[in-house]
Amino acid sequence: MTKPPRSGAYRFLAVILAAFLLGLLAGYLVSSFAPKETASATASWLKALGDVFVRLIRIVIPLLILFTIAAATSSIASARKLGRILAWMLILYIGTSILAATWGVLGGVFFKPGEGIGLQVPKDYKPPTPPSGVDLLLSFFQPDFSNLLTVSGSMTMIIFAILLGVAAVLMGEPGRRVASGLSLLSSLMVKFVSVVMYYAPVAVFSYSAWLMISYGPAMLGAYARFLGVQYGFTLMHFFIVYSIIVYVGGLNPLKYFKAQLTPFLVAFTTRSSAVTLPFNMEAARKMGIPDEVFEITLPVGATVNMDGTALYQALSALFIAQLFGISLTPGQLGMAIMAAVIGSVATAAIPGGGTIMLAYVLSVLGLPLEGVGIMLVVDPLADAVRTAVNASGDNACTVLISRLTGYRLNPPQV
Ligand code: ASP
(Lines give C-alpha, C1' and ligand atoms only; values in the text may rest on other atoms or scores of the structure.)
Protein backbone atom coordinates (compact mmCIF):
# COMPACT_ATOMS: atom_id res chain seq x y z
CA MET A 1 0.00 0.00 0.00
CA THR A 2 0.92 3.64 -0.20
CA LYS A 3 3.89 4.30 2.06
CA PRO A 4 4.35 7.80 3.35
CA PRO A 5 7.72 9.26 2.39
CA ARG A 6 10.70 7.83 4.15
CA SER A 7 10.87 8.07 7.89
CA GLY A 8 7.49 6.78 8.69
CA ALA A 9 3.97 7.87 9.26
CA TYR A 10 4.63 10.38 12.03
CA ARG A 11 7.11 12.33 9.99
CA PHE A 12 4.69 12.47 7.07
CA LEU A 13 1.83 13.61 9.29
CA ALA A 14 4.06 16.27 10.87
CA VAL A 15 5.10 17.51 7.43
CA ILE A 16 1.50 17.71 6.20
CA LEU A 17 0.37 19.47 9.38
CA ALA A 18 3.28 21.92 9.19
CA ALA A 19 2.57 22.58 5.51
CA PHE A 20 -1.06 23.32 6.37
CA LEU A 21 -0.26 25.73 9.20
CA LEU A 22 2.59 27.44 7.31
CA GLY A 23 0.27 27.85 4.34
CA LEU A 24 -2.36 29.56 6.49
CA LEU A 25 0.31 31.82 7.97
CA ALA A 26 1.85 32.66 4.58
CA GLY A 27 -1.61 33.37 3.18
CA TYR A 28 -2.42 35.61 6.11
CA LEU A 29 0.84 37.56 5.70
CA VAL A 30 0.39 37.98 1.95
CA SER A 31 -3.23 39.11 2.27
CA SER A 32 -2.41 41.53 5.11
CA PHE A 33 0.79 43.13 3.81
CA ALA A 34 1.17 42.61 0.04
CA PRO A 35 -0.44 45.02 -2.43
CA LYS A 36 -3.74 43.72 -3.77
CA GLU A 37 -2.43 42.85 -7.24
CA THR A 38 0.60 41.00 -5.90
CA ALA A 39 -1.65 39.07 -3.53
CA SER A 40 -4.00 37.97 -6.27
CA ALA A 41 -1.14 36.97 -8.60
CA THR A 42 0.44 35.00 -5.74
CA ALA A 43 -2.91 33.35 -5.07
CA SER A 44 -3.21 32.20 -8.70
CA TRP A 45 0.28 30.65 -8.63
CA LEU A 46 -0.36 28.96 -5.31
CA LYS A 47 -3.60 27.48 -6.60
CA ALA A 48 -1.82 26.26 -9.74
CA LEU A 49 0.84 24.51 -7.63
CA GLY A 50 -1.93 22.71 -5.75
CA ASP A 51 -3.79 21.91 -8.98
CA VAL A 52 -0.72 20.09 -10.31
CA PHE A 53 -1.05 17.59 -7.48
CA VAL A 54 -4.79 17.20 -7.91
CA ARG A 55 -4.42 16.61 -11.64
CA LEU A 56 -1.74 13.97 -11.16
CA ILE A 57 -3.95 12.08 -8.73
CA ARG A 58 -7.02 12.50 -10.89
CA ILE A 59 -5.24 10.79 -13.77
CA VAL A 60 -4.81 7.63 -11.74
CA ILE A 61 -8.14 7.63 -9.87
CA PRO A 62 -10.21 5.76 -12.51
CA LEU A 63 -7.56 3.03 -12.75
CA LEU A 64 -7.13 2.91 -8.98
CA ILE A 65 -10.88 2.46 -8.53
CA LEU A 66 -11.01 -0.17 -11.28
CA PHE A 67 -8.14 -2.33 -10.07
CA THR A 68 -8.61 -2.06 -6.30
CA ILE A 69 -12.32 -2.85 -6.43
CA ALA A 70 -12.00 -5.58 -9.07
CA ALA A 71 -9.03 -7.13 -7.24
CA ALA A 72 -10.81 -7.07 -3.88
CA THR A 73 -14.09 -8.38 -5.32
CA SER A 74 -12.39 -11.21 -7.19
CA SER A 75 -10.39 -12.18 -4.12
CA ILE A 76 -13.46 -12.66 -1.95
CA ALA A 77 -14.28 -16.19 -2.93
CA SER A 78 -17.57 -16.33 -1.05
CA ALA A 79 -20.38 -14.48 -2.77
CA ARG A 80 -22.20 -14.37 0.56
CA LYS A 81 -19.38 -12.49 2.23
CA LEU A 82 -19.19 -10.02 -0.63
CA GLY A 83 -22.97 -9.56 -0.49
CA ARG A 84 -22.79 -8.83 3.23
CA ILE A 85 -20.05 -6.25 2.78
CA LEU A 86 -22.04 -4.50 0.06
CA ALA A 87 -25.28 -4.63 2.05
CA TRP A 88 -23.79 -3.22 5.27
CA MET A 89 -21.90 -0.65 3.29
CA LEU A 90 -25.10 0.65 1.72
CA ILE A 91 -26.98 0.67 5.03
CA LEU A 92 -24.23 2.56 6.87
CA TYR A 93 -23.42 4.97 4.07
CA ILE A 94 -27.07 5.94 3.55
CA GLY A 95 -27.86 5.91 7.30
CA THR A 96 -25.02 8.29 8.20
CA SER A 97 -25.89 10.59 5.29
CA ILE A 98 -29.52 10.80 6.46
CA LEU A 99 -28.26 11.70 9.92
CA ALA A 100 -25.92 14.34 8.51
CA ALA A 101 -28.66 15.92 6.36
CA THR A 102 -30.86 16.00 9.47
CA TRP A 103 -28.19 18.01 11.30
CA GLY A 104 -28.18 20.40 8.35
CA VAL A 105 -31.93 20.94 8.64
CA LEU A 106 -31.77 21.33 12.42
CA GLY A 107 -28.91 23.83 12.09
CA GLY A 108 -30.95 25.85 9.62
CA VAL A 109 -34.13 25.75 11.73
CA PHE A 110 -32.50 26.65 15.05
CA PHE A 111 -29.75 29.06 14.02
CA LYS A 112 -31.44 30.66 10.98
CA PRO A 113 -28.13 31.71 9.38
CA GLY A 114 -29.85 33.25 6.34
CA GLU A 115 -32.16 35.65 8.12
CA GLY A 116 -31.45 39.33 7.53
CA ILE A 117 -28.42 38.85 5.28
CA GLY A 118 -29.92 39.87 1.92
CA LEU A 119 -27.23 38.97 -0.62
CA GLN A 120 -27.09 40.09 -4.22
CA VAL A 121 -27.07 37.46 -6.96
CA PRO A 122 -23.89 37.87 -9.10
CA LYS A 123 -24.85 39.74 -12.33
CA ASP A 124 -23.28 37.31 -14.79
CA TYR A 125 -24.76 34.27 -13.05
CA LYS A 126 -26.86 31.86 -15.12
CA PRO A 127 -28.69 29.17 -13.16
CA PRO A 128 -27.71 25.65 -14.27
CA THR A 129 -30.40 23.26 -15.44
CA PRO A 130 -31.01 20.82 -12.60
CA PRO A 131 -30.90 17.12 -13.51
CA SER A 132 -34.17 15.15 -13.55
CA GLY A 133 -34.60 11.79 -11.77
CA VAL A 134 -34.10 10.00 -15.11
CA ASP A 135 -30.88 11.96 -15.73
CA LEU A 136 -29.63 11.03 -12.26
CA LEU A 137 -30.33 7.33 -12.76
CA LEU A 138 -28.68 7.24 -16.18
CA SER A 139 -25.67 9.21 -14.91
CA PHE A 140 -24.81 6.11 -12.86
CA PHE A 141 -24.59 4.12 -16.11
CA GLN A 142 -22.41 6.03 -18.56
CA PRO A 143 -22.82 4.99 -22.19
CA ASP A 144 -19.16 4.68 -23.26
CA PHE A 145 -16.08 3.22 -21.67
CA SER A 146 -14.19 6.47 -22.28
CA ASN A 147 -16.60 8.24 -19.89
CA LEU A 148 -15.48 5.86 -17.14
CA LEU A 149 -12.03 7.37 -17.31
CA THR A 150 -13.19 10.64 -15.76
CA VAL A 151 -13.90 11.27 -12.09
CA SER A 152 -17.55 11.96 -12.91
CA GLY A 153 -17.80 8.49 -14.44
CA SER A 154 -16.66 6.90 -11.15
CA MET A 155 -20.04 5.39 -10.31
CA THR A 156 -20.11 3.44 -13.59
CA MET A 157 -16.49 2.44 -13.08
CA ILE A 158 -17.40 1.05 -9.65
CA ILE A 159 -20.27 -0.98 -11.11
CA PHE A 160 -17.98 -2.22 -13.90
CA ALA A 161 -15.21 -3.14 -11.45
CA ILE A 162 -17.56 -5.09 -9.14
CA LEU A 163 -19.04 -7.00 -12.09
CA LEU A 164 -15.54 -7.69 -13.44
CA GLY A 165 -14.52 -9.12 -10.06
CA VAL A 166 -17.68 -11.25 -9.91
CA ALA A 167 -17.03 -12.51 -13.45
CA ALA A 168 -13.49 -13.52 -12.44
CA VAL A 169 -14.88 -15.48 -9.47
CA LEU A 170 -17.42 -17.22 -11.70
CA MET A 171 -14.64 -18.29 -14.11
CA GLY A 172 -13.35 -20.64 -11.41
CA GLU A 173 -9.71 -21.75 -11.68
CA PRO A 174 -8.60 -19.50 -14.61
CA GLY A 175 -10.35 -16.63 -12.80
CA ARG A 176 -7.84 -16.97 -9.95
CA ARG A 177 -5.07 -16.00 -12.36
CA VAL A 178 -7.14 -12.98 -13.40
CA ALA A 179 -7.57 -12.11 -9.72
CA SER A 180 -3.85 -12.20 -9.05
CA GLY A 181 -3.19 -10.10 -12.18
CA LEU A 182 -5.72 -7.54 -10.97
CA SER A 183 -4.11 -7.47 -7.57
CA LEU A 184 -0.70 -6.83 -9.16
CA LEU A 185 -2.12 -3.94 -11.18
CA SER A 186 -3.78 -2.57 -8.07
CA SER A 187 -0.41 -2.54 -6.28
CA LEU A 188 1.10 -0.76 -9.27
CA MET A 189 -1.49 2.03 -9.10
CA VAL A 190 -0.93 2.36 -5.38
CA LYS A 191 2.82 2.65 -5.98
CA PHE A 192 2.21 5.35 -8.55
CA VAL A 193 0.25 7.29 -5.96
CA SER A 194 2.99 6.88 -3.39
CA VAL A 195 5.43 8.56 -5.80
CA VAL A 196 3.07 11.48 -6.35
CA MET A 197 2.57 11.74 -2.58
CA TYR A 198 6.02 13.25 -2.18
CA TYR A 199 4.51 16.35 -3.69
CA ALA A 200 1.53 16.38 -1.28
CA PRO A 201 3.07 18.78 1.29
CA VAL A 202 3.66 21.38 -1.45
CA ALA A 203 0.03 21.04 -2.52
CA VAL A 204 -1.27 21.31 1.04
CA PHE A 205 0.86 24.40 1.67
CA SER A 206 -0.16 26.06 -1.60
CA TYR A 207 -3.85 25.39 -1.21
CA SER A 208 -4.09 26.53 2.38
CA ALA A 209 -2.21 29.77 1.55
CA TRP A 210 -4.47 30.31 -1.45
CA LEU A 211 -7.61 29.69 0.64
CA MET A 212 -6.45 32.20 3.21
CA ILE A 213 -5.58 34.91 0.65
CA SER A 214 -8.72 34.47 -1.41
CA TYR A 215 -11.32 33.63 1.19
CA GLY A 216 -9.96 34.80 4.53
CA PRO A 217 -12.07 37.97 4.47
CA ALA A 218 -15.26 35.94 3.94
CA MET A 219 -14.72 34.42 7.37
CA LEU A 220 -15.43 37.82 8.83
CA GLY A 221 -18.18 38.85 6.45
CA ALA A 222 -21.86 38.19 6.02
CA TYR A 223 -21.35 34.51 5.34
CA ALA A 224 -19.75 33.97 8.72
CA ARG A 225 -22.98 32.77 10.29
CA PHE A 226 -23.60 30.18 7.63
CA LEU A 227 -20.04 28.92 7.87
CA GLY A 228 -20.20 28.93 11.66
CA VAL A 229 -23.30 26.72 11.67
CA GLN A 230 -21.94 24.50 8.89
CA TYR A 231 -18.54 23.99 10.51
CA GLY A 232 -20.10 23.48 13.94
CA PHE A 233 -22.54 20.77 12.88
CA THR A 234 -20.16 19.12 10.43
CA LEU A 235 -17.42 18.82 13.03
CA MET A 236 -19.94 17.61 15.60
CA HIS A 237 -20.93 14.83 13.18
CA PHE A 238 -17.24 14.03 12.72
CA PHE A 239 -16.36 13.92 16.39
CA ILE A 240 -19.50 12.48 17.94
CA VAL A 241 -21.13 10.26 15.32
CA TYR A 242 -17.88 8.80 14.02
CA SER A 243 -16.57 8.20 17.55
CA ILE A 244 -19.67 6.14 18.27
CA ILE A 245 -19.43 4.25 14.98
CA VAL A 246 -15.77 3.28 15.35
CA TYR A 247 -16.26 2.46 19.02
CA VAL A 248 -19.06 0.05 18.15
CA GLY A 249 -16.78 -1.26 15.41
CA GLY A 250 -14.22 -2.20 18.06
CA LEU A 251 -11.63 0.55 17.54
CA ASN A 252 -10.54 3.16 20.05
CA PRO A 253 -11.86 6.49 18.62
CA LEU A 254 -8.56 8.21 19.49
CA LYS A 255 -6.74 5.82 17.19
CA TYR A 256 -9.26 6.57 14.47
CA PHE A 257 -8.80 10.33 14.80
CA LYS A 258 -5.04 9.99 14.84
CA ALA A 259 -4.96 7.84 11.71
CA GLN A 260 -7.55 10.05 10.05
CA LEU A 261 -5.71 13.35 10.55
CA THR A 262 -3.63 13.16 7.36
CA PRO A 263 -6.57 12.32 5.05
CA PHE A 264 -8.59 14.99 6.86
CA LEU A 265 -6.02 17.69 6.07
CA VAL A 266 -5.49 16.48 2.52
CA ALA A 267 -9.25 16.51 1.92
CA PHE A 268 -9.58 19.90 3.60
CA THR A 269 -7.03 21.48 1.28
CA THR A 270 -7.57 19.59 -2.01
CA ARG A 271 -11.36 19.58 -1.54
CA SER A 272 -11.69 16.31 -3.39
CA SER A 273 -12.68 12.95 -1.90
CA ALA A 274 -11.31 11.25 -5.01
CA VAL A 275 -7.88 12.79 -4.50
CA THR A 276 -8.00 11.84 -0.81
CA LEU A 277 -8.77 8.18 -1.56
CA PRO A 278 -5.15 6.91 -1.47
CA PHE A 279 -4.58 8.72 1.85
CA ASN A 280 -7.77 7.22 3.24
CA MET A 281 -6.58 3.75 2.23
CA GLU A 282 -3.28 4.27 4.01
CA ALA A 283 -5.16 5.39 7.14
CA ALA A 284 -7.42 2.31 6.93
CA ARG A 285 -4.37 0.09 6.86
CA LYS A 286 -2.97 1.86 9.92
CA MET A 287 -6.23 1.31 11.77
CA GLY A 288 -5.89 -2.39 11.04
CA ILE A 289 -8.84 -2.73 8.67
CA PRO A 290 -8.44 -5.79 6.40
CA ASP A 291 -7.48 -4.91 2.76
CA GLU A 292 -10.31 -6.87 1.21
CA VAL A 293 -12.86 -4.76 3.06
CA PHE A 294 -11.46 -1.28 2.61
CA GLU A 295 -10.44 -1.90 -0.99
CA ILE A 296 -14.15 -2.18 -1.75
CA THR A 297 -15.71 0.23 0.71
CA LEU A 298 -13.32 3.19 0.35
CA PRO A 299 -13.38 3.65 -3.43
CA VAL A 300 -17.17 3.27 -3.37
CA GLY A 301 -17.41 5.60 -0.35
CA ALA A 302 -15.29 8.28 -2.05
CA THR A 303 -17.89 8.39 -4.78
CA VAL A 304 -21.20 7.86 -3.00
CA ASN A 305 -20.82 8.51 0.74
CA MET A 306 -20.68 12.23 1.43
CA ASP A 307 -22.03 13.12 4.86
CA GLY A 308 -20.42 16.57 4.80
CA THR A 309 -22.06 17.30 1.48
CA ALA A 310 -25.49 16.02 2.58
CA LEU A 311 -25.33 18.28 5.63
CA TYR A 312 -24.16 21.23 3.55
CA GLN A 313 -26.84 20.79 0.88
CA ALA A 314 -29.67 20.54 3.42
CA LEU A 315 -28.38 23.54 5.38
CA SER A 316 -27.82 25.56 2.20
CA ALA A 317 -31.37 24.91 1.05
CA LEU A 318 -32.72 26.35 4.32
CA PHE A 319 -30.22 29.20 4.20
CA ILE A 320 -31.36 30.18 0.71
CA ALA A 321 -35.03 29.92 1.64
CA GLN A 322 -34.32 32.25 4.56
CA LEU A 323 -32.41 34.71 2.35
CA PHE A 324 -35.41 34.96 0.06
CA GLY A 325 -37.87 35.02 2.95
CA ILE A 326 -39.52 31.74 1.90
CA SER A 327 -40.79 29.59 4.76
CA LEU A 328 -40.68 25.82 4.43
CA THR A 329 -43.34 23.42 5.74
CA PRO A 330 -42.34 20.43 7.92
CA GLY A 331 -43.01 18.22 4.89
CA GLN A 332 -40.58 20.28 2.85
CA LEU A 333 -37.98 19.95 5.59
CA GLY A 334 -38.32 16.17 5.29
CA MET A 335 -37.95 16.50 1.53
CA ALA A 336 -34.82 18.61 2.05
CA ILE A 337 -33.27 15.68 3.95
CA MET A 338 -34.19 13.18 1.24
CA ALA A 339 -33.07 15.42 -1.60
CA ALA A 340 -29.77 16.20 0.14
CA VAL A 341 -29.04 12.49 0.62
CA ILE A 342 -29.75 11.76 -3.06
CA GLY A 343 -27.89 14.90 -4.11
CA SER A 344 -24.83 13.91 -2.07
CA VAL A 345 -24.77 10.42 -3.62
CA ALA A 346 -24.91 11.97 -7.09
CA THR A 347 -22.25 14.60 -6.27
CA ALA A 348 -18.93 14.13 -8.05
CA ALA A 349 -15.94 13.81 -5.69
CA ILE A 350 -14.30 16.96 -7.03
CA PRO A 351 -13.97 20.50 -5.67
CA GLY A 352 -17.30 22.27 -5.82
CA GLY A 353 -19.24 19.17 -6.89
CA GLY A 354 -21.68 19.59 -4.00
CA THR A 355 -22.61 23.12 -4.96
CA ILE A 356 -23.31 22.11 -8.56
CA MET A 357 -25.60 19.35 -7.27
CA LEU A 358 -27.24 21.83 -4.88
CA ALA A 359 -29.24 22.88 -7.95
CA TYR A 360 -31.00 19.51 -7.72
CA VAL A 361 -31.89 19.97 -4.03
CA LEU A 362 -33.17 23.49 -4.65
CA SER A 363 -35.27 22.38 -7.59
CA VAL A 364 -36.88 19.56 -5.58
CA LEU A 365 -37.92 22.16 -2.98
CA GLY A 366 -38.93 24.75 -5.57
CA LEU A 367 -36.37 27.26 -4.28
CA PRO A 368 -34.67 29.88 -6.48
CA LEU A 369 -31.74 28.40 -8.37
CA GLU A 370 -29.87 31.68 -7.92
CA GLY A 371 -28.98 30.09 -4.60
CA VAL A 372 -26.22 28.18 -6.36
CA GLY A 373 -24.54 31.46 -7.33
CA ILE A 374 -24.93 32.75 -3.78
CA MET A 375 -23.26 29.68 -2.32
CA LEU A 376 -20.44 29.78 -4.87
CA VAL A 377 -19.08 32.90 -3.18
CA VAL A 378 -17.87 30.96 -0.16
CA ASP A 379 -17.72 27.54 -1.73
CA PRO A 380 -14.02 26.78 -1.22
CA LEU A 381 -14.40 27.40 2.52
CA ALA A 382 -17.61 25.41 2.79
CA ASP A 383 -16.13 22.68 0.57
CA ALA A 384 -13.00 22.26 2.71
CA VAL A 385 -14.78 20.97 5.81
CA ARG A 386 -17.45 18.99 4.00
CA THR A 387 -14.85 17.13 1.94
CA ALA A 388 -12.75 16.39 5.03
CA VAL A 389 -15.80 14.83 6.68
CA ASN A 390 -16.92 13.08 3.47
CA ALA A 391 -13.63 11.21 3.39
CA SER A 392 -13.50 10.57 7.13
CA GLY A 393 -16.99 9.05 7.12
CA ASP A 394 -15.90 6.34 4.70
CA ASN A 395 -13.23 5.10 7.08
CA ALA A 396 -15.47 5.31 10.16
CA CYS A 397 -18.13 3.20 8.44
CA THR A 398 -15.49 0.79 7.13
CA VAL A 399 -14.36 0.01 10.69
CA LEU A 400 -17.92 -0.98 11.57
CA ILE A 401 -18.52 -2.82 8.29
CA SER A 402 -15.47 -4.98 9.05
CA ARG A 403 -16.90 -5.96 12.38
CA LEU A 404 -20.43 -6.55 11.10
CA THR A 405 -19.16 -8.83 8.34
CA GLY A 406 -17.12 -10.97 10.69
CA TYR A 407 -13.63 -9.61 9.99
CA ARG A 408 -11.22 -8.87 12.80
CA LEU A 409 -9.22 -5.66 12.83
CA ASN A 410 -5.44 -6.18 12.70
CA PRO A 411 -3.54 -4.48 15.54
CA PRO A 412 -3.62 -0.73 14.76
CA GLN A 413 -0.31 0.91 13.76
CA VAL A 414 -1.13 4.30 15.24
N1 ASP B 1 -15.67 18.33 -2.80
C2 ASP B 1 -16.50 17.31 -2.26
C3 ASP B 1 -15.79 15.98 -2.31
O4 ASP B 1 -14.96 15.74 -3.13
C5 ASP B 1 -17.82 17.22 -2.93
C6 ASP B 1 -18.58 18.48 -2.69
O7 ASP B 1 -18.30 19.49 -3.35
O8 ASP B 1 -19.46 18.48 -1.82
O9 ASP B 1 -16.08 15.15 -1.48
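The GNM of the chain, with springs linking C-alpha atoms under 10 angstrom apart, assigns the highest mean-square fluctuation among 399, 377, 134 to 134. Can you tell which of 346, 19, 34 shows the greatest fluctuation in a Gaussian network model of the chain with Cα springs below 10 Å? Among 346, 19, 34, the largest mean-square fluctuation in the Gaussian network model of the chain belongs to 34.
How large is the dipole of the chain about the Cα centre if only Lys and Arg carry +1 and Asp and Glu carry -1, each at its Cβ, rounded to the nearest 20 debye? It would help to have the intermediate numbers written out before the result.
On the way: 25 positive and 16 negative charges, 204 e Å.
Using only the charged Cβ atoms, the result is roughly 980 debye.
For the residues 191, 255, a 1.4 Å probe over the protein chains yields an accessible-area ranking, largest first, of 191, 255. The protection proxy used here, the mean number of other Cβ atoms lying within 10 Å of each residue, ranks peptides 381-394, 257-270 as follows, highest first: 381-394, 257-270.
Net charge of the neighbourhood of residue 241, taken over other residues with C-beta under 14 Å away and scored Lys/Arg +1, Asp/Glu -1, is -2.
Taking 7 Å steps out from each Cα toward its Cβ at residue 326 and residue 376 produces label points 1.9 nm apart. Starting from the Cα of residue 176, move 7 Å in the Cα-to-Cβ direction to define the label point; list residues of the range 40-80 whose amide nitrogen is under 20 Å from there. Once the point is set 7 Å along Cα→Cβ of residue 176, 70-80 turn out to lie under 20 Å by backbone N, inside the range 40-80. Estimated at 0.36 nm per residue, the fully extended path between residue 55 and residue 231 surpasses their Cα-Cα distance by 60.6 nm.
Taking all protein chains as present, what is the carbon and sulfur share of the accessible area of the chain, in % to the nearest whole number, probe 1.4 Å? Carbon and sulfur atoms account for 69 percent of the accessible area of the chain. Our summary gives the chain a relative contact order of 31 percent, counting only alpha carbon pairs under 8 angstrom and 6 or more residues apart. A Förster radius of 41 Å combined with the Cβ-Cβ distance from residue 78 to residue 139 puts the calculated FRET efficiency at roughly 0.80.
For the chain, the per residue solvent-accessible surface stands at 42 Å², with DNA, RNA and ligands left out and a 1.4 Å probe.
Rank by packing, highest mean first: peptides 228-237, 144-153, with packing defined as the count of other Cβ atoms within 10 Å averaged across residues.
Numbers: 228-237: 19.8, 144-153: 15.6.
Order by mean packing, descending: 228-237, 144-153.
From helices alone, the chain scores -25500 deg cm²/dmol at 222 nm; the rule is -39500 (n - 2.57) for each run of n ≥ 4 DSSP H residues, then divide by the residue total. Ranked by solvent-accessible area (1.4 Å probe, protein heavy atoms only, all chains present), the residues 303, 329 order from largest to smallest as 329, 303.
Along the charge dipole of the chain, pointing to its positive end and built from +1/-1 on Cβ of Lys, Arg, Asp and Glu, which listed residue (141, 313, 203) has its Cα farthest out? In the chain, that residue is 203. With a 1.4 Å probe rolled over the protein heavy atoms of all chains, the accessible area of 80, 403 falls in the order 80, 403, largest first.
The values are calculated or read from the model by the stated rules, or taken from the named source; none is laboratory data. Values in this document were obtained by computation on a predicted structure and should not be read as measured data. A quick note on method: Cβ atoms are made from the backbone with ideal geometry, for glycine too, and the neighbour counts reach across all protein chains shown. Side chains included, ligands, DNA and RNA excluded: accessible areas come from the protein's heavy atoms. Shrake-Rupley method; radii C 1.70, N 1.55, O 1.52, S 1.80 Å.
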